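Colleague: After the structure tokens below, expect a handful of questions from me.
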Amino acid sequence: MDDRPVGLFDSGFGGLTVARAVIDLLPGENLVYVADTGRYPYGPRPLDEVRRFSEQITTKLAREHGVKLIVAACNTAAAAGIPGDLGVPVLTVIEPGVRAAIKATQSGRIGVIGTVGTISSGAYQHSFALADPDGRVELTCAACPGFVDFVERGETDSDQMYVLAERLLAPIRDAKVDALLLACTHYPFLARTISDVVGRDVVLVSSADETAFELRSLLAGRGLGGRDASGGSHTWISSGDVLTFRQLGRRFLGPEIDQVIAWDPA
């Protein structure tokens, strides 16, 4: 039994979808979640800058909190690249999501939506090419600037959000995909609006659950699993306003978010 915590990080609230899945699947694991809300959103930032932020956060998790594994619960950070010399395993949300989307499609037409940084990085295109060497998948990608901002403000079902979604998701709808990978952990909070726009027959694929399952496999395979019972501790850290994170975080994740620790990355 290894009771060291699992570290997770994201630019803000999106990674809470992954944290929720991990808490539900592995209730005995201790978690440390870092929300870089003081510098969100990551999507419009240069990838080199995002990579520096990721290095700062992952180093903090490894050195200050002694985590046994790090989950990059942010697609933009994962696309930018995560430092590999931390001394602990690192899991990103990209590969689990890609595998889940391929399983979900019947026609082979898959859509991917994400931040500008994620889509322009080519990380998902590359990952699909590796997972589908026979070229069965026909991929349509679309960047959705502005989606994260609506989630971070708690405006997930406004008229303005719907109008923006209709414009940005037009290429996905026109491609007649039957599976749509939400390549940003914020986007599941917008699932109802996205589904209304692209069609209720399109399967929306979130990488959160798949990432939690892969985390469980990694912990078991490396002998790092914690206690099997419930009652793991949860530490929440925010680089932005802690009261806002607690309020919105409890709305998105649940009562597990109680005390939030302020962190100044400067």
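The values are calculated or read from the model by the stated rules, or taken from the named source; none is laboratory data. Everything numeric here is computed off the predicted structure, so don't read it as measured data. Heads up, the Cβs are rebuilt from the backbone with ideal geometry, glycines too, and the neighbour counts pull from every protein chain shown.
Colleague: Among the residues of segment 23-39, are any part of a loop (DSSP other than H, G, I, E, B), of a type in the set (Phe, Trp, Tyr) and surrounded by 22 or more Cβ atoms within 10 Å (Cβ to Cβ)?
Modeller: So far as segment 23-39 goes, no, none of its residues is part of a loop (DSSP other than H, G, I, E, B), of a type in the set (Phe, Trp, Tyr) and surrounded by 22 or more Cβ atoms within 10 Å (Cβ to Cβ).
Colleague: Follow-up question, since we're still on this one. Identify the residue in segment 100-115 that is in contact (Cβ under 8 Å) with a residue 12 or more places away in the chain and surrounded by fewer than 17 Cβ atoms within 10 Å (Cβ to Cβ) and, among all such residues, is farthest from Leu8 (Cα to Cα).
Modeller: Of everything passing the filter in segment 100-115, Ser107 is farthest from Leu8 (Cα to Cα).
Colleague: Is it fair to say Ala175 is touching a strand residue (DSSP E or B) at 6+ places or on another chain (Cβ under 8 Å) and buried (at least 22 other Cβ atoms within 10 Å of the Cβ)? Please lay out each step first, then the result.
Modeller: Working: touching a strand residue (DSSP E or B) at 6+ places or on another chain (Cβ under 8 Å): yes; buried (at least 22 other Cβ atoms within 10 Å of the Cβ): no.
Here the answer is no, as Ala175 does not meet what is asked.
Colleague: In addition: Mind telling me which of the residues Val98, Val32 ends up being in the same structural domain as Asp201 (by TED's automatic domain parsing), touching a strand residue (DSSP E or B) at 6+ places or on another chain (Cβ under 9 Å) and not polar (S, T, N, Q)?
Modeller: Values: Val32 fails: in the same structural domain as Asp201 (by TED's automatic domain parsing).
After applying the criteria, what remains is Val98.
Colleague: If the requirement is being crowded, with 18+ Cβ neighbours inside 10 Å, within 19 Å of the chain's Cα centre (by Cα), aromatic (Phe, Trp, Tyr) and under 21 Å from Val71 (Cβ atoms), which of these qualifies: Phe252, Phe213?
Modeller: Values: Phe213 fails: crowded, with 18+ Cβ neighbours inside 10 Å.
It is Phe252.
Colleague: Would you confirm whether any residue within segment 180-187 is surrounded by fewer than 18 Cβ atoms within 10 Å (Cβ to Cβ) and either in the same structural domain as Gln56 (by TED's automatic domain parsing) or touching a strand residue (DSSP E or B) at 6+ places or on another chain (Cβ under 6 Å) (or both)?
Modeller: Within segment 180-187 (the criterion being surrounded by fewer than 18 Cβ atoms within 10 Å (Cβ to Cβ) and either in the same structural domain as Gln56 (by TED's automatic domain parsing) or touching a strand residue (DSSP E or B) at 6+ places or on another chain (Cβ under 6 Å) (or both)), the answer is no, since none of the residues qualifies.
Colleague: Quick check on my filter: what residues within segment 124-161 are over 16 Å from the mean Cα position of the chain (by Cα), surrounded by fewer than 18 Cβ atoms within 10 Å (Cβ to Cβ) and part of a helix (DSSP H, G or I)?
Modeller: Across segment 124-161, the qualifying residues are Gln125, His126, Ala129, Leu130, Ala131, Asp159, Gln160.
Colleague: Can you tell me which residue among Arg246, Arg192, Arg216, Arg251 is closer than 30 Å to Ser107 by Cα, touching a residue at least 12 places away in the same chain (Cβ under 8 Å) and assigned to a helix (DSSP H, G or I)?
Modeller: None of the others qualify; the one that does is Arg192.
Colleague: Quick one: in segment 238-248, which of the residues that are out of contact with any Asp or Glu (no Cβ under 9 Å at 6 or more places or on another chain) and crowded, with 19+ Cβ neighbours inside 10 Å is modelled with the lowest pLDDT?
Modeller: Across segment 238-248, the extreme among qualifying residues is Phe245.
Colleague: Name the single residue, out of those in segment 61-95 being over 21 Å from Gly225 (Cβ atoms) and touching a strand residue (DSSP E or B) at 6+ places or on another chain (Cβ under 6 Å), that is surrounded by the fewest Cβ atoms within 10 Å (Cβ to Cβ).
Modeller: Result: Ile82.
Colleague: A follow-up question, please. What number goes with the only condition from (1) part of a helix (DSSP H, G or I); (2) in contact (Cβ under 8 Å) with a residue 40 or more places away in the chain; (3) surrounded by fewer than 24 Cβ atoms within 10 Å (Cβ to Cβ); (4) outside the structural domain of Cys184 (by TED's automatic domain parsing) that Asp48 does not pass?
Modeller: Of everything listed in (1) part of a helix (DSSP H, G or I); (2) in contact (Cβ under 8 Å) with a residue 40 or more places away in the chain; (3) surrounded by fewer than 24 Cβ atoms within 10 Å (Cβ to Cβ); (4) outside the structural domain of Cys184 (by TED's automatic domain parsing), Asp48 misses just condition (2).
Colleague: A further question follows. Return yes or no: is Ser107 out of contact with any strand residue (DSSP E or B) (no Cβ under 6 Å at 6 or more places or on another chain), assigned to a loop (DSSP other than H, G, I, E, B) and either hydrophobic (A, V, I, L, M, F, W, C) or within 26 Å of Ile194 (Cα to Cα) (or both)?
Modeller: Yes.
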